[in-house]
Amino acid sequence: MSIDTHNTLLARIVDDLAEHGWSLQPLFAPQTLTAKLAEECRTRAAQGELTPASIGRGVAQAVIEGVRGDRIDWLEAGQSVACDQYMALLDELRQALNFGLYLGLEDCESHFALYPPGAFYLKHLDRFRDDDRRAVSVVLYLNQDWQPEHGGALRLYLKSGEVRDVSPVAGTLVVFLSAEMPHEVLPTTCDRLSLTGWFRRRGDNPLLSTM
Ligand code: OGA
Ligand code: MN
């Protein structure tokens, strides 16, 4: 993708978020990158590095498979070329959001997620009750030949009252305001791979600074 096209895409995400609170970009990441990220997700899974995802934070943290059935592994800088490339793309998006919307986003936390057949994530908001740092959610899908019968759609409950289903097709990026967008992952019938992340504001929550 040329630099011009890429900047247009970032500008479109910023405008979408300002106007609608969410953005859908079917061609955010090239297939060469999503293929490498998918391979890395599968390798991490095969090496037993993915752990059951939990809900809540701190003492309220719990693994409840009846709520979410994915397995996750967090990204850190320097783990692989592909991960670093994706983190660089996210950082450009973070800067564009700060420039366009004055969101004051400080960093991004991001993890691989694998939903095995039968897994789902019930309707929820991404912002934890005791942590308001997560401001913008961002999901990149890594599934090459996803078919409608595989299920696993991300269901978004828009402010307008509309409900939108997004197929987890490789290269598709979904961005939304964490505090305002109820969403769920419908049950999948085959392995569903993604990278989920959150742009976070500075930690000036008085609740957290006393901990
Ligand atoms: C999450 C989540 C959506 C998706 O991890 O909080 O809602 O489509 N993921 O994977
Ligand atoms: Mn979520």
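The values are calculated or read from the model by the stated rules, or taken from the named source; none is laboratory data. Keep in mind that what you see is a predicted model, and the values were worked out from it rather than measured. Backbone-built Cβ (ideal geometry, glycine too); neighbour counts: all protein chains shown. For accessibility, only protein heavy atoms count, side chains too; no ligands or nucleic acids. Shrake-Rupley method; radii C 1.70, N 1.55, O 1.52, S 1.80 Å.
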Within segment 61-86, restricting to residues that are open to solvent by 30 Å² or more (accessible area, probe 1.4 Å) and closer than 16 Å to Leu114 by Cβ, the one that is modelled with the lowest pLDDT is Glu65
Residue, nearest to ligand 1 (Cβ to nearest atom), within segment 92-148, restricted to residues that are part of a helix (DSSP H, G or I) and open to solvent by less than 10 Å² (accessible area, probe 1.4 Å): Leu93
Filter pass, Gln79 being assigned to a helix (DSSP H, G or I) and over 16 Å from the mean Cα position of the chain (by Cα): no
Checking Lys159 against (1) of a type in the set (Lys, Arg); (2) over 18 Å from Ser194 (Cβ atoms); (3) outside any loop (DSSP other than H, G, I, E, B), which single condition isn't satisfied? (3)
Please tell me if Ser194 is more than 16 Å from ligand 2 (Cβ to nearest atom) and modelled with pLDDT of 95 or more. no
As an exercise: evaluate Leu158 against (1) within 29 Å of Gln79 (Cα to Cα); (2) hydrophobic (A, V, I, L, M, F, W, C); (3) touching a residue at least 40 places away in the same chain (Cβ under 8 Å) and give the number of the one condition it does not meet. (1)
Take the residues of segment 159-169 that are within 16 Å of ligand 2 (Cβ to nearest atom) and under 17 Å from the mean Cα position of the chain (by Cα): which is surrounded by the most Cβ atoms within 10 Å (Cβ to Cβ)? Pro168
